[in-house]
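**Q** One structure, as structure tokens, below. Some questions next.
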Amino acid sequence: MEILSIGTIGFDIIETPFGKTNKILGGAATFAGFSASILEVPIHLVSVVGKDFPKSYLKLFESKNINTEAITIIPNEKTFFWYGKYNKDMNSRDTIVTELNVIKNFKPKIPESLKNIEVILLGNLHPSIQLSVLKQVKNFKLVILDTMNFWIHYTWDLLIEVIKKTYIIIINDSESRQISGEYNLIKAAKKIYTMGPKFIIIKKGEHGALFFTKDKIFVTPAFPIEEVCDPTGAGDTFIGGFAAYLAKKNDLSFESMKNAIIYGSTLASFCVEKFGTERIQKVTKNELDIRLKKFKLLTNFNF
Ligand code: AMP
């Protein structure tokens, strides 16, 4: 299967206790694209950038077999820009600047040649954009949804429509509480299940993730990293890797999704080692395989 990934592509400035970057390549679709490309799964990015977006970045995507055909370039407008500053604990961050720019009027138009892609990754955007994508695609097998507190708060009615059409929702613990109104994460997942998604992944940052379906739970830690330099994009890298594993195996069983979560977590552990996309865009399949083996050893025990 192949992946259609709808999300931001843009510029980031990132500040962490380890330093501050200039304007570098960022955006949710960017991280998901690099992550999926490591598993050599075809991924098509659907996004919009301005004329100021360097051609070299588009070439970089293409060099990794990330399809840029559905990235629209708007003349005379600026690319999406985000500036985030992390606190000392690296778990929380403040958004210093968000300039939506071209994203403000983003109306994705899926090219005819991409309307039959099986895996749809709905990145963190206005739910009306997510709905418009779902109206255009035809024979998809899987919709994976990412969203955030802002959309849950301000666009609830529309978001509920997207959640209804979603097969797998991937959110963090506070978002799951906000959506469900339940504090306990098991109760939260049960409530979200009644809203539509058949599978619910609740990310807990450096503490791993919980995975729920109707009557099963799977729990995984995050791969422990001694020096976390920059957590930006870890969530998007997780989703890209998760989707790519499922697409590659063409298997949507619970067991397959458990493996997909381990792949997503392992890829995310690379992402946080350097600023922005610096590390994730260079990870090799061999490095991934070595770390997957270590992950298995870390979590394996005999009674
Ligand atoms: P994450 O760390 O997973 O939240 O993703 C970080 C990426 O999301 C950055 O590279 C940003 O460019 C992008 N981003 C930041 N704010 C937004 C937003 N409001 N909507 C969509 N993407 C965003």
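**Q** Past 25 Å, Cα to Cα, is the threshold; run 59/85; 249/294; 88/203; 187/249; 55/107; 138/198 against it and keep the listed order.
**A** Pairs exceeding 25 Å: 59/85; 187/249.
**Q** Quick one: 3J(HN,Hα) in Hz for segment 2-9, Karplus 6.51/-1.76/1.60 with θ = phi - 60°, rounded, Gly and Pro as x.
**A** With the stated coefficients, segment 2-9 comes to 10, 10, 10, 10, 9, x, 6, 10 Hz.
**Q** How charged is the neighbourhood of residue 135? Take every other residue with its Cβ under 13 Å from the Cβ of residue 135, and add Lys/Arg as +1 and Asp/Glu as -1.
**A** Here the count lands on +4.
**Q** Can you classify segment 192-277 as rounded, prolate or oblate using the Cα gyration tensor, where a ≥ b ≥ c are the square roots of its eigenvalues, rounded means a/c under 1.5, and otherwise it's prolate if a/b beats b/c and oblate if not?
**A** The shape class here is prolate.
**Q** Can I ask one more? Can you give me the long-range amide H partners of residue 48? Hydrogens built in the peptide plane at 1.01 Å from N, cutoff under 5 Å, separation of 5 or more residues or another chain.
**A** 9, 72
**Q** For segment 267-275, in order, what is each residue's ³J(HN,Hα) by Karplus, 6.51 cos²θ - 1.76 cosθ + 1.60 with θ = phi - 60°, in whole Hz (x at glycine and Pro)?
**A** Residue by residue, segment 267-275 yields 5, 4, 5, 6, 3, 6, 6, 9, 5 Hz.
**Q** Two-decimal Rg/Rh of segment 52-177 from alpha-carbon positions, Kirkwood Rh?
**A** 0.98
**Q** Treating only the Cβ of Lys, Arg, Asp and Glu as charged (+1, +1, -1, -1), what charge dipole size does the chain show about its Cα centre? Round to the nearest 20 debye.
**A** 500 debye
**Q** Sticking with this structure for a sec: Go through 265-272, 222-229 and give me the packing order, highest mean Cβ count within 10 Å leading.
**A** Ranked from most to least packed, the peptides come out as 265-272, 222-229.
**Q** If you put +1 on each Lys and Arg Cβ and -1 on each Asp and Glu Cβ, how big is the dipole of segment 155-303 around its Cα centre, in Debye rounded to 20?
**A** Details: 22 positive and 17 negative charges, 114 e Å.
Roughly 540 debye, rounded to the nearest 20.
**Q** Additional query: Compute the Kirkwood hydrodynamic radius of the chain, taking the inverse of the mean of 1/r over all pairs of distinct Cα atoms, and give it in Å to one decimal.
**A** Evaluated over the chain, this radius sits at 19.2 Å.
**Q** Turning to a different aspect of this structure: So which aspartates and glutamates can residue 282 reach, going by Cα to Cα under 15 Å and dropping same-chain residues fewer than 8 places off?
**A** Answer for residue 282, where 15 Å is the Cα cut-off: 40, 62, 273, listed by chain and number.
**Q** Let a ≥ b ≥ c be the square roots of the eigenvalues of the Cα gyration tensor of segment 1-93; is it rounded (a/c under 1.5), or, if not, prolate (a/b larger than b/c) or oblate?
**A** Cα axes put segment 1-93 in the oblate bin.
**Q** What are the ³J(HN,Hα) values, in whole Hz, obtained from phi via the Karplus relation 6.51 cos²θ - 1.76 cosθ + 1.60 with θ = phi - 60°, for each residue of segment 278-289 in sequence order, with x given for Gly and Pro?
**A** Karplus-based 3J(HN,Hα) across segment 278-289 equals 3, 7, 5, 6, 10, 5, 9, 4, 5, 4, 4, 4 Hz.
**Q** Among 44-51, 70-77, how do they line up by average Cβ neighbours within 10 Å per residue, starting with the highest?
**A** Averaged packing, sorted descending, gives the order 44-51, 70-77.
**Q** Let me have the relative contact order for segment 24-161, percent, based on Cα pairs under 8 Å that are six or more residues apart. Please list the in-between numbers first.
**A** Numbers: 203 pairs, mean separation 24.5, N = 138.
About 18 percent, as a whole number.
None of the figures in this text is laboratory data; all of them are computed from the coordinates on show. A quick note: this is a predicted structure, and the numbers were derived from the prediction, not measured. With ideal geometry, Cβ positions are generated from the backbone for all residues, glycine too; neighbour counts draw on all protein chains shown.
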